[in-house]
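The structure under discussion appears below in the form of structure tokens.
The values are calculated or read from the model by the stated rules, or taken from the named source; none is laboratory data. Computed from a prediction, not measured in an experiment: that's the story for all the values here. Methodologically, a virtual Cβ is constructed for each residue, glycine included, from the backbone with ideal geometry; neighbour enumeration extends over all protein chains shown. Heads up: the accessible areas ignore ligands, DNA and RNA and are worked out on the full protein's heavy atoms, side chains in. Shrake-Rupley method; radii C 1.70, N 1.55, O 1.52, S 1.80 Å.
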Amino acid sequence: QVQLVESGGGLVQPGGSLRLSCAASGRIFSLSSMAWHRQAPGKQRELVASITSCGSPAYLDSVKGRFTISRDNAKNTVYLQMGSLKPEDTAVYYCNAAVSTRPGSWVNDYWGQGTQVTVSS
């Protein structure tokens, strides 16, 4: 089994910064892409940022220039540095990883439990 544990959420004022972390553990043979999604109340979950195993990032247009995704492959950890935060960034942020648990096996998606980010004055 594979577990993803997020940390770093909280309450921040508009214009502030937060750094989210997500550590993967368990039966991991290889980690492919990792990503952050978010879901605001009454809205669908959306992909915020993703990063390949080689470190190539991609971003939701509304966060480009404000958020940075990175990963530490030695620690099986992905980060989301969020800056210039806006009230519309308020959501539960979920970590997602594509994991192979043994050589030659299918890659499956795993999700963390989510961490709340609230941007408010």
query = Across the chain, where is the longest run that never hits chymotrypsin sites (Phe, Trp or Tyr not before Pro) in a DSSP loop with at most 13 other C-beta atoms within 10 Å?
reply = 30-105
message = Among Cys54, Cys95, Cys22, which one shows the highest mean-square fluctuation when the chain is modelled as a Gaussian network with alpha-carbon springs under 10 Å?
response = Cys54
note = Across Ser32, Ser70, Ser105, the residue with the highest GNM fluctuation in the chain (Cα network, 10 Å cutoff) is Ser105
inquiry  = Rounded to the nearest percent, how much of the accessible area of the chain (1.4 Å probe, protein heavy atoms only) is carbon and sulfur?
reply    = 49
inquiry  = So, for the chain, what is the accessible surface per residue at a probe of 1.4 Å, expressed in square angstrom?
reply    = 53
request  = Any lysines with Cα under 16 Å of the Lys86 Cα? List them, leaving off those in the same chain fewer than 8 positions away.
outcome  = Lys64
message = Straight-line reach only, C-alpha to C-alpha below 14 angstrom: list the aspartates and glutamates that Lys43 could link to, leaving out same-chain residues fewer than 8 apart.
response = Glu88, Asp89
message = Give the list, by residue number, of cysteines in the chain with no other Cys Cβ closer than 4.7 Å, or say none.
response = Cys54
ask   = How big is the chain on each of its three principal axes, counting only the C-alpha atoms and giving the largest first in Å?
value = 49, 25, 23
